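Please read the structure below before turning to the comments.
The values are calculated or read from the model by the stated rules, or taken from the named source; none is laboratory data. All values derive from a computational prediction rather than experimental measurement. Here the Cβ positions follow ideal geometry from the backbone for every residue, glycine too, while neighbour counts run over all protein chains shown. Side chains included, ligands, DNA and RNA excluded: accessible areas come from the protein's heavy atoms. Shrake-Rupley method; radii C 1.70, N 1.55, O 1.52, S 1.80 Å.
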Amino acid sequence: MAAAGGPQAPSPGLAERYFTRWYRPDVKGNPCEDHCVLQHSNRICVIALADAHPVLQKGKAIERISYQISANCSRLQNKVSGKSKRGAQFLTELAPLCRIFCSDGEEYTIYSCIRGRLMEVNESLLNSPSLLQQKPFTDGYIAVVLPKFEESKSITRGLLTRKEYEEVLSKRFNPTS
């Protein structure tokens, strides 16, 4: 409860309360193309754009999003069923999840960043790509990935904590400090 007469601090949202944020900066050597992995205590991971990704930083107009990875691979064809999650596509750390096409001709490929089974992709982005910018960690997520149980503790190797990521951003935006 707030002190008498003082402003009340906003309560943390769903993503802040239940998920731990991990970051992968400069994915595949592409400067500033940072991704975020939201990891729940039940090991489910949500893949989203990090705050410093050009689509969010520069407010680029998103023309469309495509889950068609190649002629033979569409993430929309992922059909998961049963307790053992049969039919889920297996992803490696650098497996492409989708492509974001911007009105200025720029194209960004979003990668999984972790190994695991693809549980779902956010089909809402197909009709409302602006969700990526408006609500990147909730309604604008890219995909949900379930790591193997035995790998669930080690999936964060190679990812940065929020503090480590903020240090990377500080060096990126203030190279002299």
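Summary of computed values
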{"quantity": "Only one of Ile110, Ile114, Ile65 that is open to solvent by less than 20 Å² (accessible area, probe 1.4 Å), of a type in the set (A, V, I, L, M, F, W, C), under 17 Å from Cys32 (Cα atoms) and out of contact with any Lys or Arg (no Cβ under 6 Å at 6 or more places or on another chain)", "calculated": "Ile110"}
{"quantity": "Test for Lys79: is it at positive phi, out of contact with any His (no Cβ under 7 Å at 6 or more places or on another chain) and either among the charged types (D, E, K, R) or touching a residue at least 24 places away in the same chain (Cβ under 8 Å) (or both)", "calculated": "no"}
{"quantity": "Residue within segment 41-52 that is at pLDDT 90 or above, part of a loop (DSSP other than H, G, I, E, B) and closer than 19 Å to Glu151 by Cβ present", "calculated": "yes"}
{"quantity": "Some residue of segment 96-112 being closer than 13 Å to Val145 by Cβ, aliphatic (A, V, I, L, M) and in contact with a helix residue (DSSP H, G or I) (Cβ under 7 Å, 6 or more places away or on another chain)", "calculated": "yes"}
{"quantity": "Qualifying positions in segment 95-107 - open to solvent by 10 Å² or more (accessible area, probe 1.4 Å), touching a residue at least 40 places away in the same chain (Cβ under 8 Å) and in contact with a Lys or Arg (Cβ under 7 Å, 6 or more places away or on another chain)", "calculated": "Asp104, Glu106"}
{"quantity": "Tabulated pairs, segment 136-156, first among the basic types (Lys, Arg), second surrounded by 14 or more Cβ atoms within 10 Å (Cβ to Cβ), C-beta under 6 angstrom, 6+ apart or interchain", "calculated": "none"}
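Matching residues to (1) of a type outside the set (Val, Ile, Thr); (2) closer than 18 Å to Pro31 by Cβ; (3) at pLDDT below 95:
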| position | (1), (2), (3) |
| --- | --- |
| Ile110 | no, yes, no |
| Arg115 | yes, no, yes |
| Leu146 | yes, no, yes |
| Glu151 | yes, no, yes |
| Thr156 | no, no, yes |
| Arg162 | yes, no, yes |
| Lys171 | yes, yes, yes |
